[in-house]
Amino acid sequence: MSETTSTNEEKKKPPLNGRRAVPSSNSNDEENEVPEMEAFGLIPRGFNPKDYLRVVDIHLFKEPHEINKQKHHTDKYYSPKLIVRRGQPFQIQIDFNRPYSPETDQFWLEYLIGRYPQQNKGTYIPILLSDVLKPGEWGAKITHKENNSIHLSIMSSATCIIGKFRLYIAVWTPFGILRTPRTSVTDTYILFNPWCQQDAVYLDDEKEREEYVLNDVGIVFHGNINDIKLRSWSYGQFEENILDACLFLMDKAELELSGRGNPIKICRVASAVINSRDDNGVIAGSWDNTYTYGVAPSAWTGSVDILLEYYSSKQPVRYGQCWVFAGVFNTFLRCLGIPARLVTNYSSAHDNNANLRMDFFLDDEGKVDTKITKDSVWNYHCWNEAWMTRPDLPVGFGGWQVVDGTPQETSDGMYRCGPASVQAIKHGHVCFQFDAPFVYAEVNSDIVYSRRQKNGTQVIEKIDTTHIGQLIVTKQVGGDGMMEITEEYKFQEGSREERLALETAVMYGVKKQTAQDTMYQPQTDVDMDFHVQKAVLGSDFKVTITFRNKSHNYYTATTYLSGNIVFYTGVTKNEFKKHSFSAKLEPSSSSTFEVMVKSSEYLSDLLDQASFHFFVTARINETGKILAKQKATVLEIPTLHIKTQGETVTGKEMSVTVEFTNPLKQTLENVTLRLEGPGVLRTMKKEFRQIPMNSTLIWEVKCIPKLPGLRKLIASLNCDALRHVYGDLNVQIQKP
């Protein structure tokens, strides 16, 4: 028996190497015991530890309604443990076996984290009593004495490591140190503190702190620039076990404990561990519309299920796309106390190796040649912004930083992105770490249409400088509306400042090719534009093309319309509509042409987000010049209706119903419904075999809400023929 235990012990110990005396400490989970009796030498025979001051009990005031969680804004965490924010005092009470006498008794507190606690690494923190607490530095002072008890106010450092600490109380005796036994009851979580001026994540606006740290639901903006859609997302950063799951992500990323007080380091490693590429991280991405053996990205209603599944299985959760990566990343940041928001960039440039140029190649007919066109424009792309100071950069680049967990390009050898200063991106100072050129190109690239002529030369037909990054948005503070933040990222299109920022970015190494621009002489006396009619999924709609001939010449234009079903990433699945016609353009006049698109042409191939991409190209026969324009459009998808019945009071059963009517001219098969609401109900799922056309489904659920206040219920419906069907409802839960 004894042999096996010793070999197990040996297995647990990491191998020592010649380089360091102690292995690196990068797990918050591991711990080692400290001796309860640490003798100074030989112990005399008559020594009895009971003769000295002894700790009988420790009270941490850790209930949600008690002083610590109230003052530290941690009362919403569903956890029995003490959770405090760094750089701010918290209160504890120690009961001794007799009254404490400062003249003769000496005791101190010890906070330890990880397996090899060292004082110089900040992983072993002894705290001696003092008369006064210095702001933002570790310390403890007695605030009240009564009988055998004392009350202490403890201040933690404003740069302290974020994680779960073990607490010991040590008493000095002439023969050795006596410590309280190890108990997990007194474990204390320490988080970032946006309320503390010395903290790197300090945010000075209370309304913003309530939104960016304490709000556990949010809005994801999707769709496209001409048709913005929104859906709710449950971040659930206070739900049971989510804090532990988020700390586990830092263990998984092997971030050394001593780096865990630094929000820059935490964001950088988290942006890699949120995706499963190269490190078996949280979410496996899939953009190919087949989601066997997993959940379709559009079916998730929030982050909690994903984080808890990963925390228990330690295997990537399938599947995610950009808003899922961003939703889970936002939960991680807010949970640890870093202010964060989810941002959507409409018409986002991708695969641009930071060359500020998206190349679209046209063939002889003027339609895009998909074989050689490698770049793609995403209808939208979601990333996150995290709020922090940047002491590693020159003054002025703190504040919002872009972090992106979606795997797009590698950075220092791993799929990660950020933190990149939004301010640096706006001014073109892309030399500052991390990944600023990539983000700059996502919001600033030009689209270059070029055509290969018979003799092999490339002719640039058109340069579109305004299509990319037209609109950047996030949820407004304190409401569900949209707030535009485009000007945080870029100056007014065409302004002098914008030119200057571009020249600065080019100077700092963002590549911009201009050699071929000399060939570029566009047709200036004819304008062409087109408009796609708004349409509901399953109906016909029309595309209207308008020419304006501003010259005194008579022109004819050979026009080609190409309708494609695309992934929201702008990658084409197939062309479902081809239509050519010849347009006669009278001098100094406008002419319009209509093309009808029937539902039978697109329904069989439709993808997740019901996205179409239209190209219209026209060749002016008299001059040989080409006019080109592209637009994305999204169909209206039906919504779910959520209702509640009876009174909505904490601790009392209430009833929630979800209703949906099938709008398609076909039966929906194998339909999954999900419903969740932080503080009201854990995620529920229900499968329906079939929903015939035009029929209505009703699902009723009973639940008992836990928390009072304004709460949100979020539902999604998912099946192969129809995805991205959502509904939400705000519910006011009363106190009993």
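Key figures
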read-out: DSSP-loop trypsin sites (Lys or Arg not before Pro) across region 335-422, with at most 16 other Cβ within 10 angstrom; value: 371, 374
read-out: Cα principal axis extents for region 206-508, largest first, Å; value: 65, 49, 38
read-out: Added length on full extension, which subtracts the Cα-Cα distance from 0.36 nm per residue, residue 42 to residue 145; value: 33.6 nm
read-out: Solvent-accessible surface (1.4 angstrom probe) belonging to residue 615, in square angstrom, nearest 10; value: 20 Å²
read-out: Within the accessible area of the chain (1.4 Å probe), percent carbon and sulfur; value: 50 percent
read-out: Stokes-Einstein D for the chain, Kirkwood Rh over Cα pairs, 4 °C, 1.567 mPa s (µm²/s); value: 45 µm²/s
read-out: Per DSSP, loop GluC sites (Glu not before Pro) in region 87-174 with at most 16 further Cβ within 10 Å; value: 103, 137
read-out: Relative contact order (percent, whole number), region 339-416, Cα cutoff 8 Å, 6+ residue spacing; value: 30 percent
read-out: For the chain, with +1 on Lys and Arg beta carbons and -1 on Asp and Glu, the positive-most of 414, 523, 73 along the dipole; value: 414
read-out: Test item: Cα-centred dipole of region 526-634, Lys/Arg +1 and Asp/Glu -1 on Cβ, debye; value: 180 debye
read-out: Cα-centred dipole magnitude for the chain, charges only on beta-carbon of K, R (+1) and D, E (-1), debye, nearest 20; value: 360 debye
read-out: Among 230, 94, 688 the positive-end extreme of the charge dipole of the chain (Cβ point charges); value: 688
read-out: Loop chymotrypsin sites (Phe, Trp or Tyr not before Pro), region 641-736, which have at most 15 other Cβ atoms in a 10 Å radius of their Cβ (DSSP); value: none
read-out: Antiparallel content of DSSP bridges confined to the chain, in %, to 5; value: 90 percent
read-out: Accessible area per residue, Å², the chain with all protein chains present, probe 1.4 Å; value: 43 Å²
read-out: The chain, relative contact order [Cα under 8 Å, separation at least 6], %; value: 9 percent
read-out: Relative contact order (percent, whole number), region 611-691, Cα cutoff 8 Å, 6+ residue spacing; value: 18 percent
read-out: Theoretical gain in end-to-end length, residue 22 to residue 67 [0.36 nm per residue, Cα-Cα removed]; value: 12.3 nm
read-out: Principal-axis tilt of helix 263-273 within the chain, Cα atoms, nearest 10 degrees; value: 60 degrees
read-out: Kirkwood-type radius of region 181-228, with distances r between different C-alpha atoms, in Å; value: 14.4 Å
read-out: Accessible surface ranking that places the most exposed of 682, 231, 98 first, with a 1.4 angstrom probe; value: 682, 98, 231
read-out: Angle in degrees between helix 304-313 and the longest Cα principal axis of the chain, rounded to the nearest 10; value: 60 degrees
read-out: Student exercise, region 641-733 dipole from Lys, Arg, Asp, Glu Cβ charges, in Debye to nearest 20; value: 180 debye
read-out: Which of 368, 275, 438, positive extreme of dipole for region 206-508 (C-beta unit charges); value: 368
read-out: Beta bridges by DSSP in region 206-508, antiparallel share as percent, to the nearest 5; value: 80 percent
read-out: For residue 550, net neighbour charge (Lys/Arg +1, Asp/Glu -1) across residues whose Cβ lies under 12 Å away; value: -2
read-out: MRE, 222 nm, helices only [DSSP H, n ≥ 4, -39500 (n - 2.57), over the chain, to nearest 500]; value: -4000 deg cm²/dmol
read-out: Separation between Cα centres of region 551-615 and region 223-292, rounded to whole Å; value: 39 Å
read-out: Overall Cα dimensions of region 74-196 - principal axes, largest extent first, Å; value: 40, 31, 28
read-out: Acute angle (nearest 10 degrees) that the helix 242-252 long axis makes with the longest principal axis of the chain, alpha-carbon atoms; value: 80 degrees
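The values are calculated or read from the model by the stated rules, or taken from the named source; none is laboratory data. For clarity, every value in this text was computed on a predicted model and none was experimentally measured. So basically every Cβ, Gly included, is an ideal-geometry build from the backbone, and we count neighbours across all protein chains shown. Please note that ligands, DNA and RNA were not included when accessible areas were found on the heavy atoms of the full protein model with its side chains. Shrake-Rupley method; radii C 1.70, N 1.55, O 1.52, S 1.80 Å.
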